[in-house]
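Reviewing the structure listed below.
The values are calculated or read from the model by the stated rules, or taken from the named source; none is laboratory data. Computed from a predicted structure; not experimentally measured. A quick note on method: Cβ atoms are made from the backbone with ideal geometry, for glycine too, and the neighbour counts reach across all protein chains shown.
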Amino acid sequence: MKHLLKLLDLSKEEIIDILNLADQLKYENKNGIEHHILKGKTLGMIFQKSSTRTRVSFETGMYQLGGQALFLSNRDLQIGRGEPVQDTARVLSRYIDGIMIRTFAQKEVEDLANYGSIPIINGLTDFCHPCQVLADLMTIREYKGRFDGLKMCYIGDGNNMANSLIVGGLKVGMSVSIACPDGYRPDPEVLEFTKQYGDKFFMTDKPIEAAAGADVLFTDVWTSMGEEAETEKRKLAFAGYQINDEIMAAANEGAIVQHCLPAHREEEITEKVFEAHANEIFDEAENRLHAQKAVMVKVMADK
């Protein structure tokens, strides 16, 4: 595995391999076992979108792996003043050992990989959020012990989270249902991908239908970063697309709830459901650290 650009690029075996390594690294971390696998390596972290979890987890992860991380915002890079991404890629490739980028356009991530000579990790784009979904899958397996035979349900905007959850869930063997309003559906490339899975994928505009028999339920904010001007319009479009008691009653007994955070309580999820499943949600947040460490090892070790 040379890069992590999107989950569409990975096989089931590669995803499971990352998750197995993440489990191992988490065990070692919890038991005080050092793993300086990336000693002497430097990760450049380019942020064109701000973040709490992405920055802290990658920076901490590199420290725990024995390397160092450099925080690079638009204010720190000439890319923020119009330098072509291909030039930035070729320059940084001569200084550091890997790049994590959190940005808007997927093309920018792909261009970094095409023009640079070091591993590129997608920390989030408008198209997908692979690191988050690897952490989500890790958490599901921790709680449920398997993927086969499980049903994943996502309720809300057909955004980057929906795109990656659909791909990741189907690839590891789960069935996936999604409820989203017309006009807010997942990316056409992802919907085309689902066709090879037949009735293991189901999309509707009725949340209660999607939630029926679910083992794990996901949601996300109605208005993502960069869409703030659409807030009021989106509140109208997503009214009723909420994980609440009615949705939980339609899911299987013992269903877990996941949220990539930050959460807007009483919009996409009720305060009651969020707090009832807070342990699962914050285990999911913690697993960003371990899953991303596994990714960094896979793409940066021995390179």
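Within the stretch 216-255, the set of residues being more than 23 Å from the chain's Cα centre (by Cα) and at positive phi comprises Gly240, Gly254.
For the residues Met248, Met203, Met161, the requirement of being buried (at least 21 other Cβ atoms within 10 Å of the Cβ) and modelled with pLDDT of 95 or more singles out Met161.
For the stretch 226-234, the condition of being more than 25 Å from Leu134 (Cβ to Cβ), surrounded by 14 or more Cβ atoms within 10 Å (Cβ to Cβ) and not aromatic (Phe, Trp, Tyr) holds for at least one residue. Does any residue in the stretch 264-288 that is surrounded by fewer than 16 Cβ atoms within 10 Å (Cβ to Cβ) come within less than 7 Å, Cβ to Cβ, of a residue that is of a type outside the set (Lys, Arg) and not in a helix (DSSP H, G or I) six or more places away or on a different chain, and which pairs are these? If the second residue must be of a type outside the set (Lys, Arg) and not in a helix (DSSP H, G or I), the pairs left are His264/Val221.
Please verify whether the stretch 88-99 includes one or more residues that are within 21 Å of Glu59 (Cβ to Cβ), charged (D, E, K, R) and at pLDDT 95 or above. For the stretch 88-99, residues within 21 Å of Glu59 (Cβ to Cβ), charged (D, E, K, R) and at pLDDT 95 or above: present.
Scanning the stretch 93-118 for residues that are closer than 25 Å to Leu8 by Cβ and among the aliphatic types (A, V, I, L, M) gives Ile99, Met100, Ile101, Ala105, Val109, Leu112, Ala113, Ile118. Taking the criterion of being of a type outside the set (Phe, Trp, Tyr), assigned to a strand (DSSP E or B) and under 20 Å from Ala135 (Cβ atoms), the only residue of the stretch 47-84 that qualifies is Ala69.
Could you say whether any residue in the stretch 167-178 is of a type in the set (Lys, Arg), buried (at least 16 other Cβ atoms within 10 Å of the Cβ), closer than 27 Å to Leu5 by Cβ and at pLDDT 95 or above?
Yes, that holds for at least one residue.
Evaluate the following for Asp148: is it within 30 Å of Ser57 (Cα to Cα), touching a residue at least 24 places away in the same chain (Cβ under 8 Å), over 15 Å from the mean Cα position of the chain (by Cα) and surrounded by fewer than 16 Cβ atoms within 10 Å (Cβ to Cβ)? Give the steps one after another, and end with the answer.
Working: within 30 Å of Ser57 (Cα to Cα): yes; touching a residue at least 24 places away in the same chain (Cβ under 8 Å): yes; over 15 Å from the mean Cα position of the chain (by Cα): yes; surrounded by fewer than 16 Cβ atoms within 10 Å (Cβ to Cβ): yes.
Criteria met by Asp148.
Among residues belonging to the stretch 110-145 that are outside any loop (DSSP other than H, G, I, E, B) and touching a Ser or Thr at 6+ places or on another chain (Cβ under 6 Å), point out the one that is surrounded by the fewest Cβ atoms within 10 Å (Cβ to Cβ). The selected residue is Val133. Identify all residues within the stretch 48-76 that are without any contact (Cβ under 8 Å) to a residue 40 or more places away in the chain and aromatic (Phe, Trp, Tyr); write none if there are none. Answer for the stretch 48-76, where residues must be without any contact (Cβ under 8 Å) to a residue 40 or more places away in the chain and aromatic (Phe, Trp, Tyr): Tyr63, Phe71.
Residue by residue through the stretch 208-232, note down the ones that are within 30 Å of Glu253 (Cβ to Cβ) and assigned to a loop (DSSP other than H, G, I, E, B).
Ala212, Gly213, Ala214, Asp215, Asp220, Val221, Trp222
Could you go through the stretch 4-24 and let me know if any residue there is in contact (Cβ under 8 Å) with a residue 24 or more places away in the chain and part of a strand (DSSP E or B). Looking through the stretch 4-24, at least one residue is in contact (Cβ under 8 Å) with a residue 24 or more places away in the chain and part of a strand (DSSP E or B).
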